[in-house]
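The structure appears right after this line, and notes come after that.
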Amino acid sequence: MDTKVTNSAGLPIDRTYWNPDIDNELLCIDVHQETHDVKTFTFISRDGKHIAFAAGQYFALDVGLRDDLETRCYSISSSPLRTNAISITVKRVVGGKVSNWLHDNLAPGTIVQTSGPLGVFIRPARPNQKYLFLSGGSGITPVMSMARELADAALPVDVIFLHAGRSPGDLVFRSELINLATRLKGFRLYFLPETLTGETSWSGLSGRISRDLFQLIIPDISERVVMCCGPAPFMAAARKISAELGVPTENYIEESFDAVVTEDAPLPSTEQAEHKSFKVEFAMQSRTIDVTPDQTVLSCAKKAGVKIPSSCSNGLCGTCKSKLASGTVDMKHNGGIRQREIDAGFFLPCCSKPLSDLVIER
Ligand code: FES
């Protein structure tokens, strides 16, 4: 059925398409081991809808862990031209609650609560545009989605894909990328393992990204749009080198990998975290809940059925911004709130832990 109706994200709405404003359940249909610590999970809409998204976007997954609800955002690694299913690719993080739960428990048949697709790490699609896809570690997922999209579209491309990893055995999608580079004209691939542990016959590049390396393999970098995703130090180096080699600011686009596709190891618990909780009052809903100093206000509110709009759950999007009438919080945001808003008493419940009792104007 064709339709002209679109939702607030400009995506088509009819009964055959996933509507991010109302749909929130994905059914896992496949789990694939990519490397020793990375798995790809593939999902379909629970009621069989197509899922429209842009390469580079992510889904936020809500996972119930014992008595807490944790939300993490994972970039989609599959092609947006294959709308019957979506895949996310997740690295197991030492001490990471959600990544370990996904690796240990998520299996075909499991239903997960989600919101998405979300995010603005989207490739500018200009005619004859040349690209540099630059990824570090499991930051490869959104740019892999872009590479798969270009391959599926069967259009002429001019892409250099440089993927850095800890060792050859850590290079996610290694064989698929080699196949893509073999059959897709205009697609040049470089792997850059930092060490050659476990693979003594490696004949390619190794080490870390550097200005010399970029000048050698990407001499026309200033003419390319750079799409970069990886750990913060990797992106900081890529940003600096790209600027030095003449990439205009507007042509250097990065995803906050540390914020979006990874998770922090849990903070060491403290005496206070184990035994004390604070009263958090939602004044307009006449609700008061208990939140311990190691929990975020949003995760506890969701669990208790208190309504706070949210999407990224990582301090990025600003959706959950709320007014703090009294109390103090420890907020670790990722750009989703401005200093003047903080000064005016606003905060982001998704990335804030209480330091005292709170009253929130919600
Ligand atoms: S939900 Fe995105 S900033 Fe809180």
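The values are calculated or read from the model by the stated rules, or taken from the named source; none is laboratory data. Everything numeric in this text was worked out from a predicted model, so none of it was measured. Because the Cβ atoms are built from the backbone with ideal geometry, glycine has one as well, and the counts that use them run over all protein chains shown.
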| In segment 319-326, is there at least one residue being aliphatic (A, V, I, L, M) and either modelled with pLDDT under 85 or within 15 Å of the ligand (Cβ to nearest atom) (or both)? | yes
| query | Has segment 347-357 got at least one residue that is within 11 Å of the ligand (Cβ to nearest atom), touching a residue at least 60 places away in the same chain (Cβ under 8 Å), under 22 Å from Leu65 (Cα atoms) and of a type in the set (Gly, Ala, Ser)? | reply | no
| query | Are there any pairs with C-beta distances below 6 angstrom linking a residue in segment 119-144 that is touching a residue at least 12 places away in the same chain (Cβ under 8 Å) and among the hydroxyl-bearing types (Ser, Thr, Tyr) to a residue that is in a helix (DSSP H, G or I) and crowded, with 24+ Cβ neighbours inside 10 Å, with the two at least 6 apart or on different chains, and if so which? | reply | Ser135/Val143
| Residue that is nearest to Phe133 (Cα to Cα), among those in segment 11-62 that are aromatic (Phe, Trp, Tyr) and at pLDDT 95 or above | Phe53
| said: Of everything in segment 169-193, what is in a loop (DSSP other than H, G, I, E, B) and surrounded by fewer than 17 Cβ atoms within 10 Å (Cβ to Cβ)? Give them in sequence order. | reply: Lys185, Gly186
| Residues of segment 246-289 that turn out to be modelled with pLDDT of 50 or more and surrounded by fewer than 14 Cβ atoms within 10 Å (Cβ to Cβ), as a count | 7
| remark: Within segment 297-307, the residues that are crowded, with 19+ Cβ neighbours inside 10 Å and out of contact with any Leu (no Cβ under 6 Å at 6 or more places or on another chain) are Val297, Leu298, Cys300, Ala301, Val306
| note | Flagged pairs (Cβ under 6 angstrom, 6 or more apart or on separate chains; first in segment 316-329, of a type in the set (D, E, K, R); second part of a strand (DSSP E or B)) are Lys321/Phe346; Lys323/Phe346
| note | Within segment 308-322, residues being among the polar types (S, T, N, Q) and crowded, with 24+ Cβ neighbours inside 10 Å number 2
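For every residue, the table says whether it meets (1) in the same structural domain as Cys320 (by TED's automatic domain parsing); (2) more than 18 Å from His32 (Cα to Cα); (3) among the charged types (D, E, K, R).
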| residue | (1), (2), (3) |
| --- | --- |
| Ser87 | no, no, no |
| Arg92 | no, no, yes |
| Gly109 | no, no, no |
| Ser138 | no, no, no |
| Val143 | no, yes, no |
| Ala154 | no, yes, no |
| His163 | no, yes, no |
| From the residues in segment 322-357 that are among the polar types (S, T, N, Q) and part of a loop (DSSP other than H, G, I, E, B), which one is nearest to Asp290 (Cα to Cα)? | Ser356
| query | When segment 330-345 is examined, which residues are found to be hydrophobic (A, V, I, L, M, F, W, C) and either more than 14 Å from Leu298 (Cβ to Cβ) or over 25 Å from the mean Cα position of the chain (by Cα) (or both)? | reply | Ile342, Ala344
| task | Please work out if Phe133 is aromatic (Phe, Trp, Tyr) and within 24 Å of the chain's Cα centre (by Cα). | result | yes
| note | Of the residues in segment 293-304, those that are away from the ligand (no atom under 16 Å from the Cβ) and free of Cβ contacts under 8 Å to residues at least 60 places away in the same chain come to Asp294, Ala304
